[in-house]
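Since the structure comes first, as structure tokens, the remarks are kept for the end.
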Amino acid sequence: MRVVVAADTAPVACTVCGAPSPLMGVVDFHKSCLEREGKRLGVLGVPVYYRRCPRCNLVFADTMLGWSDRDFAQRIYNADYPVVDPEYAEVRPVGNAAWLRQVLGTAASGVSVIDYGGGNGRLAAELRKAGIRAATVDPHVAHAARDFGTAELVTAFEVFEHAMRPQRVLDEMLALMEPGGALLLSTLLQPTGFESMGLAWWYVAPRNGHVSIHSRASLKTLVGSRGLRLASFSDGMHVAFRELPPWLGHCLPPG
């Protein structure tokens, strides 16, 4: 990846709400989440421009707007990806599965789960070992055919920051959700003080494929466009639903 392309300075439509969004700034392609640990990759010399929506505050990568799935596979999710995300294959899915079992508690065994964007399928495998009906769906990774088409809970751990087309991803998840079900979305929202940090925030990481950095407003707008309500466990873990499922009510924190 050595082609340097200048960004168009004219505003473009926000990928969530459609509002004209100006350029916010630029970082090197090698900016990664390793910076949270004080580590840095060498500068590649390839600029990645981001825009920020003035209406919903979504920050999204202008540079990748025209990329195909093949482009992402070749330039980001390639053999070097584990360098910048070493917990992707095992540590994170195992931990997320344990967290989900704990949160659902006694309701876990009665709730079916489809893990959207689940990569190697490890999270669903961990849930099945615990007696939970679970399967993996990933548009980029083939998995064995599942014996159920839809699930009461559709999860997407660390997916929406990677989604250049968030509405499409949301629609694909909704197609897997049973009526009366819920979506569990894991993505870190812009923190207090983001205005001063801007693109220097560690989570703005093009080498990790972090192309959509959500605010609470942008995530609420996104799910609201499909008639869903948003509630959050934390700044990084959220659920969306039309009506609160009975098995979910005890899971959510007060407020």
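The values are calculated or read from the model by the stated rules, or taken from the named source; none is laboratory data. Predicted model only: the values in this text are computed from it and were never measured. With ideal geometry, Cβ positions are generated from the backbone for all residues, glycine too; neighbour counts draw on all protein chains shown.
List of remarks:
- Taken together, Thr136, Thr155 contain a single residue that is part of a strand (DSSP E or B), without any contact (Cβ under 8 Å) to a residue 24 or more places away in the chain and of a type in the set (S, T, N, Q), which is Thr136.
Yes/no matrix, rows are residues, columns are (1) more than 18 Å from the chain's Cα centre (by Cα); (2) under 13 Å from Asn208 (Cβ atoms); (3) aromatic (Phe, Trp, Tyr):
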position	(1), (2), (3)
Glu35	yes, yes, no
Gly38	yes, no, no
Pro47	yes, no, no
Phe60	no, no, yes
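- Single residue of segment 132-152 satisfying the filter (over 27 Å from Phe72 (Cα atoms) and touching a helix residue (DSSP H, G or I) at 6+ places or on another chain (Cβ under 9 Å)) that is surrounded by the most Cβ atoms within 10 Å (Cβ to Cβ): Ala134
- Qualifying residue in segment 29-39 (condition: modelled with pLDDT under 95 and among the aromatic types (Phe, Trp, Tyr)): no
- If you check Pro206, Pro191 for being more than 13 Å from the chain's Cα centre (by Cα) and over 15 Å from Ala163 (Cβ atoms), only one passes: Pro191.
- His162 out of contact with any Lys or Arg (no Cβ under 7 Å at 6 or more places or on another chain), modelled with pLDDT under 95, under 30 Å from Arg40 (Cα atoms) and not polar (S, T, N, Q): no
- The set of residues in segment 108-122 being surrounded by fewer than 17 Cβ atoms within 10 Å (Cβ to Cβ) and assigned to a helix (DSSP H, G or I) consists of Ser109, Gly110.
- Selected residue (criterion: farthest from Pro93 (Cα to Cα)) from residues of segment 170-220 that are touching a Cys at 6+ places or on another chain (Cβ under 6 Å) and surrounded by 23 or more Cβ atoms within 10 Å (Cβ to Cβ): Ser218
- Counted residues, segment 20-66 - those being assigned to a helix (DSSP H, G or I) and surrounded by 15 or more Cβ atoms within 10 Å (Cβ to Cβ): 3
- Residues of segment 139-151 satisfying the condition of being of a type in the set (A, V, I, L, M) and part of a loop (DSSP other than H, G, I, E, B): Ala142, Ala144, Ala145
- Residue list for segment 101-132, restricted to those being in contact with a Ser or Thr (Cβ under 7 Å, 6 or more places away or on another chain), modelled with pLDDT of 95 or more and of a type outside the set (Gly, Ala, Ser): Val113, Asp115, Tyr116
- Pairing each residue of segment 18-29 that is in contact (Cβ under 8 Å) with a residue 24 or more places away in the chain and closer than 22 Å to Val46 by Cβ with any residue that is of a type in the set (Phe, Trp, Tyr) and assigned to a loop (DSSP other than H, G, I, E, B), provided the two are 6+ apart or on different chains, yields no C-beta distance under 7 Å.
- Every listed requirement among (1) within 17 Å of Glu161 (Cβ to Cβ); (2) without any contact (Cβ under 8 Å) to a residue 40 or more places away in the chain is met by Asp69 save one, (2).
- Of the residues screened, Arg226 is not one that is closer than 21 Å to Val48 by Cβ, modelled with pLDDT of 95 or more and of a type in the set (D, E, K, R).
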